Amino acid sequence: MRKFEEKAGQLYGQQKIRGFCHLYIGQEAVVAGTVSATRPTDTFITSYRDHAHALAKGVSANACMAELYGKITGCSKGKGGSMHFFSKEHGMMGGHGIVGGQIPLGAGIAFAEKYLGTDNVNICFMGDGAVRQGALNETFNMAMLWKLPVVFICENNGYAMGTSVQRTTNMIDNLSKSV
Ligand SMILES: Cc1ncc(C[n+]2csc(CCOP(=O)(O)OP(=O)(O)O)c2C)c(N)n1
Ligand SMILES: [Mg+2]
């Protein structure tokens, strides 16, 4: 994951990769720990900072790099780019650019798993910035009410992009305790 991100950063600097390119350097342990504690049939869904999640689910580095280059051989056929890595086959359910957009989708995937009678779990990653998205409250309530097989993981890196947690929330303690 680190090697991929370092290379992606270098290529982005050289303008070989177009559009956005959000790196995961420093956060790899979250995904590494999660993938070792879950099964291949469990699914991942996350925000736009998604390269490591796809790699961890087994999407090849070639398919990920091709996606950054916008090539047809990319994991989203070159149509998604950095923020939209998908591979249903590997249980990688995206790559989402709307902050918090993946939260109800993760619960929806979990609902489907329960409805279909599998014992698969959806792992729904989000940044600290997404915790202040309204969809989170509604989703948490439904997930608990229906006992959905979904695990929400908040990747609190202290910043919602460039804005510090201190400037965007009144309850810093609550951020880690409630998620
Ligand atoms: C609904 C919505 N509002 C605003 C934005 C603009 N935006 C892009 S990234 C970002 C901050 C997200 O921070 P966080 O979830 O902590 O993710 P991080 O970049 O720290 O991984 C914002 C507000 C967006 N993409 N979607
Ligand atoms: Mg953040």
Seminar exercise, completed: Distance in nm between residue 140 and residue 62 label points, each 7 Å along Cα→Cβ, equals 4.4 nm
Problem set entry | Probe 1.4 Å, protein heavy atoms only - accessible area per residue of the stretch 98-179 in square angstrom | 57 Å²
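Taking the Cα centre of the stretch 2-178 as origin and charging only Cβ (+1 Lys, Arg; -1 Asp, Glu), how large is the dipole, in debye to the nearest 20? Please report the intermediate quantities before stating the final value.
On the way: 17 positive and 13 negative charges, 89 e Å.
The calculated dipole for the stretch 2-178 is roughly 420 debye.
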Seminar exercise, completed: Dividing the mean separation of Cα pairs under 8 Å (6+ apart) by the residue count of the chain yields a relative contact order in percent of 18 percent
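When the convex hull of the C-alpha atoms of the stretch 94-179 is computed, what volume per residue in Å³ does it have?
Values: hull volume 7.7 nm³, N = 86.
Value for the stretch 94-179: 90 Å³ per residue.
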Problem set entry | Relative contact order computed over the stretch 56-153 (Cα-Cα under 8 Å; 6+ residues apart), in percent | 20 percent
Seminar exercise, completed: Per the charge dipole of the stretch 2-178 (beta-carbon charges, Lys/Arg positive, Asp/Glu negative, Cα centre), the residue among 149, 102, 170 reaching farthest to the positive end is 102
For this session: Return a single number: how many Lys pairs in the chain, at a sequence separation of 8 or more or on separate chains, have alpha-carbon atoms below 15 angstrom apart.
Result: 6
Exercise. What's the long-distance tail for the chain, i.e. % of Cα pairs beyond 27 Å?
Worked result: 25 percent
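Using a Förster distance of 41 angstrom, determine the FRET efficiency expected from the C-beta separation of residue 118 and residue 72, and round it to 0.05. Please report the intermediate quantities before stating the final value.
Working: r = 31 Å, r/R0 = 0.77.
With a Förster radius of 41 Å, E is 0.85.
Give me the Å³ per residue figure for the convex hull around the C-alpha atoms of the stretch 44-93.
On the way: hull volume 2.7 nm³, N = 50.
Dividing the Cα hull volume of the stretch 44-93 by its residue count gives 54 Å³.
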Seminar exercise, completed: Whole-Å distance linking the alpha carbon centroid of the stretch 114-166 with that of the stretch 1-72 is 20 Å
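The values are calculated or read from the model by the stated rules, or taken from the named source; none is laboratory data. As the structure is a prediction and not an experimental result, all values here were calculated from the model. When we count neighbours, we look across all protein chains shown, and the Cβ atoms used for this are built from the backbone with ideal geometry, even at glycine. To get the accessible areas, we keep the full protein, side chains included, count just its heavy atoms, and leave off ligands, DNA and RNA. Shrake-Rupley method; radii C 1.70, N 1.55, O 1.52, S 1.80 Å.
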